[in-house]
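Participant: Below you'll find the structure I mean.
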Amino acid sequence: MILFDFNALDAAKPWYGVNDTVMGGLSRSKLTISPLGYGVFSGHVSLANGGGFASVRAEFNAVDVSAFTGIYLELDGGRTKDYKVNLKDVDTPQSTVYQAPMPAPSHQAFGVNGTSALHWQRIEIPFSDFLPQCRGKPSTRVAFVISGLNANYA
């Protein structure tokens, strides 16, 4: 199941930046679409004024993922920063997310759309890696649970 496909011209429309500016920081970020149809996250993280995070978010209708055990992302493996992935379920309070660290890229790479671009990687994150967080701190909320019967990734 594909949750986001960046091939459409308006694919970046539902994505918006959520940065440390909400608490006085100076970081910024955005998601754009490359001419080849890839989502491109870019920005600048500033530690000034107590800041230190930049992110993008998209909200969409609930999707039944009960037949899956996790998500996967296809990424350019050349990243040098640490990233986290956040998910929410329909019952999650606004300030709570289920967060997992994005695993480091592996050395297994693949070409995309028949190209020889060997820097693209598939990062798999099982739902069991997503832990509840509220404003960057562990939460006592019940862990993110999806009952899955197979090892497919959404």
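The values are calculated or read from the model by the stated rules, or taken from the named source; none is laboratory data. Fair warning: this is a prediction, and the values are worked out from it, not measured in the lab. Cβ: placed from backbone, ideal geometry, glycine included. Neighbour counts: every protein chain shown. Note: accessible area is taken over every heavy atom of the protein model, side chains too, but ligands, DNA and RNA are not part of it. Shrake-Rupley method; radii C 1.70, N 1.55, O 1.52, S 1.80 Å.
Participant: Enter the accessible area of M23 (Å², nearest 10), with the probe set to 1.4 Å and all protein chains included.
Facilitator: About 110 Å², rounded to the nearest 10.
Participant: Starting from the residue with the highest accessible area, list F53, F60 in decreasing order, probe 1.4 Å.
Facilitator: Working: F53 80, F60 110 Å².
The ranking, largest first, comes out as F60, F53.
Participant: Still on this structure: Please give every one of the lysines within straight-line cross-link reach of K13, meaning a C-alpha to C-alpha distance under 23 Å, and leave out same-chain neighbours fewer than 8 residues apart.
Facilitator: Within the straight-line cut-off, K13 pairs with K30, K84, K88.
Participant: Can you sort V63, V56 by solvent-accessible area, 1.4 Å probe, largest first?
Facilitator: V63, V56
Participant: Leaving ligands, DNA and RNA out of it, rank D10, D76 by accessible area with a 1.4 Å probe, largest first. If you can, show how the numbers build up before the last one.
Facilitator: Values: D10 100, D76 70 Å².
Putting D10, D76 in descending order of accessible area: D10, D76.
Participant: Would you mind working out the accessible area per residue for segment 25-93, using a 1.4 Å probe, and quoting it in Å²?
Facilitator: I get 66 Å² per residue for segment 25-93.
Participant: Short version: ³J(HN,Hα) in whole Hz for each residue of segment 125-139, in order, from phi by Karplus 6.51 cos²θ - 1.76 cosθ + 1.60 (θ = phi - 60°), x for Gly and Pro, what are they?
Facilitator: For segment 125-139, the Karplus-derived couplings read 10, x, 4, 5, 7, 7, 10, x, 9, 10, 6, x, 10, x, 10 Hz, x marking Gly and Pro.
Participant: In debye, nearest 20: dipole of segment 21-84 around its Cα centre with unit charges on the Cβ of K, R (+) and D, E (-)? Provide the component values of the computation, followed by the final result.
Facilitator: Numbers: 6 positive and 5 negative charges, 59 e Å.
My answer is approximately 280 debye.
Participant: With all protein chains present, calculate the accessible area of K81 using a 1.4 Å probe and round the result to the nearest 10 Å².
Facilitator: Here the accessible area works out near 130 Å².
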